[in-house]
1. Could you sort Lys194, Lys135 by accessible area so the largest value comes first, with the probe set to 1.4 Å?
2. With every protein chain left in place, what is the accessible area of Glu51 in Å² (1.4 Å probe, nearest 10)?
3. If you add up the charges near Asp157, with Lys and Arg at +1 and Asp and Glu at -1, over every other residue whose beta carbon is less than 15 angstrom from its beta carbon, what do you get?
4. Using only the heavy atoms of the protein chains and a 1.4 Å probe, how would Phe42, Phe93, Phe192 rank by accessible area, largest first?
Amino acid sequence: MSVMWTVKVVGLGVLALSLSVELLGWLVRRLRSGRTLNEVLFFPSEMACVEHIFTPSSTQSCLCPLPHGIDTCLSRLLRHILSASSSLDLCVFAFSNLDLCRAVLALHSRGVTIRVLTDKDYAAITGSRIGVLRKAGICVRCDVASVYMHHKFAVVDGRLLITGSLNWTLTAVQSNAENVIVTEDPHLVRPFLKEFHRLWQHSDPARYLHSSDPHPAHITTSTCD
């Protein structure tokens, strides 16, 4: 009897241990799936093909000379931007990078609501993509303050913040020592949303249409809701 009892106890112990391991694994998976995203990206980014990010379902191989199948800081940044499903609020000092512009245009073509706020002096420099965005129908406002609008941040779907030293330019991505923080921490996202809203309202062209200068050079006549 004692032997049988011992066998039963051991068997129950093994079963309990097995269930405990499974429960622990389940809890770990739940915690990981619900974990707030926090990621740091450093530039310059390694040069690699990013075509697969824009056309993930394509069966044709890209024939460009760049390395393929490499995960880079630029590719990860592009994925975060392209994860937008409803809105993208972009506040950027200089914007000339073709891949980042392509990502914004791709979101626009999907029906994502995009608002871009940029510096009035740098919006018209050679190579700026701001004109391309405007021609595509994307709402762009230029900050009207006397100081540079030197912010570099984006908020995806009101939940994901992308910010750091990186200007959205080819030089910044390929040549400069830069950093980008990507986070879903609401304590960080909310202040940036608030600041974007403040700057957006302050830069509303309708506020200046009745000023002493009826056609200021840095004001566009599109009010952009």
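1. Working: Lys194 155, Lys135 185 Å².
Result of the area sort, largest leading: Lys135, Lys194.
2. Surface open to solvent at Glu51 totals about 60 Å².
3. Numbers: positive: Arg79, Arg110, Arg115, Arg159, Arg190; negative: Asp89, Glu184, Asp185.
Once all neighbours under 15 Å are counted, the net charge is +2.
4. Details: Phe42 130, Phe93 15, Phe192 60 Å².
Ranked list, largest accessible area first: Phe42, Phe192, Phe93.
The values are calculated or read from the model by the stated rules, or taken from the named source; none is laboratory data. From a predicted model like this one, the values you see are computed outputs, not experimental measurements. Glycine gets a Cβ as well: all are built from the backbone with ideal geometry, and neighbour counts include every protein chain shown. Each accessible area value is taken on the protein alone, full model and side chains, heavy atoms only, with ligands, DNA and RNA left out. Shrake-Rupley method; radii C 1.70, N 1.55, O 1.52, S 1.80 Å.
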